[in-house]
Amino acid sequence: MKFDVIVIGGGLAGCTAAACLADAGRKVALFSEGLSLHDATDGPASHKAQAHSPYAALSAVAAKGVTVFRGDSIIKADWAEDGTRIIRAFSRNLGDEPLEATAWLLATGKFFSRGIISNMQKVFEPVFDADVEYEADHTKWFSPDFFACQPYEKFGVKTDAAQRVLKNGISVENLFAAGQVMAGEPMTDEDIANSGKAAASQILKKF
């Protein structure tokens, strides 16, 4: 399957970017494995939860022509020999069916949605093995002040000024990031949406 852009993550950042790209005439696919932390903040019966449910957001982008793969996730990628470009990728549900795109957008969130994973030795990004900014000493991942901003909240994928993902210290030409998966201060909903818009803008500039 071939697309102009494949967005990985169906939360606020991913859906915002997908909508912007579709509005610009790009052929877009979006992979949404499940709930994001943003979607899970309220009970299922609340008005806010219904308005912000993944089903409403995914239906909205699908109405714009985005091909939505619900309950699926990208699990591995084939890279150019120099490691600076994604050639194709594969999803859990599609098996050996290759997915090709001019550009890719990583918007998988942080720990809750497993966009970032940690063990006792390191913090890592599981799909592309992107560079992750984190404190090497795991005893410093938490603050003793329960109400303080916790250091681990700043951990995330390293990006350049164009929101391209870094891998082995080098910008990946066609892989961008948006939302909480990126390293830095915790984001508000407005920040997350704006990062999706910014990533879409960078993709449209370059591809």
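The values are calculated or read from the model by the stated rules, or taken from the named source; none is laboratory data. Because the structure is predicted, anything quoted here is derived from the model rather than measured. FYI the Cβ positions are ideal-geometry reconstructions off the backbone, even for glycines, and counts take in every protein chain you see.
Things to note:
- Here residue 90 fits the description: in contact with a Pro (Cβ under 8 Å, 6 or more places away or on another chain) and modelled with pLDDT of 95 or more.
- Here residue 162 does not qualify as modelled with pLDDT of 85 or more and either buried (at least 16 other Cβ atoms within 10 Å of the Cβ) or of a type in the set (Ser, Thr, Tyr) (or both).
- Test: residue in region 95-107 that is at pLDDT 95 or above and polar (S, T, N, Q): yes
- Residue within region 150-164 that is under 20 Å from residue 123 (Cβ atoms) and aromatic (Phe, Trp, Tyr) present: yes
- Pair list, Cβ < 6 Å and 6+ apart or interchain, from region 13-30 residues that are buried (at least 20 other Cβ atoms within 10 Å of the Cβ) to residues that are modelled with pLDDT of 95 or more and acidic (Asp, Glu): 26/4
- Residues located in region 85-136, provided they are polar (S, T, N, Q), buried (at least 16 other Cβ atoms within 10 Å of the Cβ) and not in a strand (DSSP E or B): 108, 113
- Filtered residue count, region 166-188, keeping only those that are in contact with a strand residue (DSSP E or B) (Cβ under 6 Å, 6 or more places away or on another chain) and modelled with pLDDT under 95: 1
- Beta carbons closer than 7 Å, at least 6 apart along the sequence or on distinct chains, pair a first residue in region 115-135 that is without any contact (Cβ under 8 Å) to a residue 12 or more places away in the chain with a second that is surrounded by 13 or more Cβ atoms within 10 Å (Cβ to Cβ) and part of a loop (DSSP other than H, G, I, E, B) for 117/126.
- Residues being crowded, with 24+ Cβ neighbours inside 10 Å and farther than 9 Å from residue 105 by Cα - total across region 171-181: 4
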